[in-house]
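Chemist: Sharing a structure, written as structure tokens. Questions coming.
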Amino acid sequence: MKRLLATLALLTGALTARADIPIDLFADVLSNSSGTPLQDGALVVLVASPDLTFGQASSSSSLAQNTFFSGNDVVIGQSSVDSSSSGDAGGVTRTLYFNYSNFSNLTQGTTYYLQLYWFTQSMAGTTALIAGENYGVFRSSARTSEGTGDPWVLPTTDGSSLTLSFATQSASGAPSDAFPDAAGQATLTVIPEPATITLIFGVVVGGYVLYRRRSILSRRALAA
């Protein structure tokens, strides 16, 4: 009997250690830079950072779970805008399941801050962002939506739960502490990957050198 109890205790401990952390995500209303709600299927990405220095999205940002989005920021998971589940155009209602055992790039016990990214052109399931498209970001260090949301920090122990809530004033049933609609607008721009930037810079410099050379030759011809 004691052996059976000991075995059950070990099994219970193992199951607890592997228990997922459900992350209930509510975001409403996400829009483009003009305030128009995003279309259904628009890409939404949840990212974790150990130092609150979230990087800028670029066309070389990785979007797969447990990969580096930018610098040391790690992708927790993808979601998408879905008006049918949220009840609003530009709304997101989704549960992501997280477990440290599936994230080799995160160290359990370390504090990780969370930030939400949404994109105006890229759709859920894509593997690369579009250079030049607009995107928005949100995170909060305090509870939001009248106490129904948790601070945007990843729990340090498996088996916990987390509710991330972001509501703007135009959301249906918006709470009294809802954020201004402008907070849900995508006003940032995805930058090209470094190789593309280098190429563009090289073209500009090359063009300027050619212009200067022709200008000098032209002046010399006039002087002659």
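Chemist: Pick from 202, 132, 125: which is modelled with pLDDT of 85 or more and farther than 20 Å from residue 75 by Cα?
Modeler: On the way: 202 fails: modelled with pLDDT of 85 or more; 125 fails: farther than 20 Å from residue 75 by Cα.
When all the criteria are applied, what remains is 132.
Chemist: Which numbered condition in (1) surrounded by fewer than 18 Cβ atoms within 10 Å (Cβ to Cβ); (2) of a type outside the set (Ser, Thr, Tyr); (3) in contact (Cβ under 8 Å) with a residue 40 or more places away in the chain is the only one that residue 71 fails?
Modeler: That leaves (3) as the condition not met.
Chemist: Answer yes or no: is there a residue in region 86-100 that is within 14 Å of the chain's Cα centre (by Cα), at pLDDT 95 or above, surrounded by fewer than 19 Cβ atoms within 10 Å (Cβ to Cβ) and at negative phi.
Modeler: Yes, region 86-100 contains at least one residue that is within 14 Å of the chain's Cα centre (by Cα), at pLDDT 95 or above, surrounded by fewer than 19 Cβ atoms within 10 Å (Cβ to Cβ) and at negative phi.
Chemist: A follow-up question, please. Considering each of 111, 126 in turn, give the residue that is over 24 Å from residue 29 (Cα atoms) and either touching a residue at least 40 places away in the same chain (Cβ under 8 Å) or loosely packed, with under 13 Cβ neighbours inside 10 Å (or both). Give the derivation first.
Modeler: On the way: 126 fails: over 24 Å from residue 29 (Cα atoms).
Matching residue, one of 111, 126: 111.
Chemist: Of a type in the set (D, E, K, R) and farther than 25 Å from residue 175 by Cβ: does that describe residue 40?
Modeler: Working: of a type in the set (D, E, K, R): yes; farther than 25 Å from residue 175 by Cβ: no.
No, not satisfied.
Chemist: Here's something else I'd like to know. I need the full set of residues from region 39-68 which are more than 14 Å from residue 126 (Cβ to Cβ) and surrounded by 22 or more Cβ atoms within 10 Å (Cβ to Cβ), in order please.
Modeler: The answer is 46, 47, 48.
Chemist: Spot the failing condition for residue 108; the list is (1) in contact with a Ser or Thr (Cβ under 7 Å, 6 or more places away or on another chain); (2) within 24 Å of residue 127 (Cβ to Cβ), and only one is missed.
Modeler: With respect to (1) in contact with a Ser or Thr (Cβ under 7 Å, 6 or more places away or on another chain); (2) within 24 Å of residue 127 (Cβ to Cβ), residue 108 is out only on (2).
Chemist: I've got another one for you. So which strands (runs of 3 or more DSSP E) are wholly in region 7-81 and hold at least 3 residues that are within 13 Å of the chain's Cα centre (by Cα) and modelled with pLDDT of 95 or more?
Modeler: Details: elements: 21-28, 42-49, 68-70, 73-80.
Counting at least 3 such residues, we get 42-49, 73-80.
Chemist: Is there any pair linking a residue in region 88-100 that is under 30 Å from residue 110 (Cβ atoms) to one that is modelled with pLDDT of 95 or more and not hydrophobic (A, V, I, L, M, F, W, C), with Cβ under 6 Å and at least six apart or on different chains, and which?
Modeler: 92/79; 94/79; 95/22; 95/24; 96/77; 97/22
The values are calculated or read from the model by the stated rules, or taken from the named source; none is laboratory data. Just so we're clear, the structure is a prediction, and the values are computed from it rather than from any experiment. We place every Cβ from the backbone using ideal geometry, glycine too, and count neighbours over all the protein chains shown.
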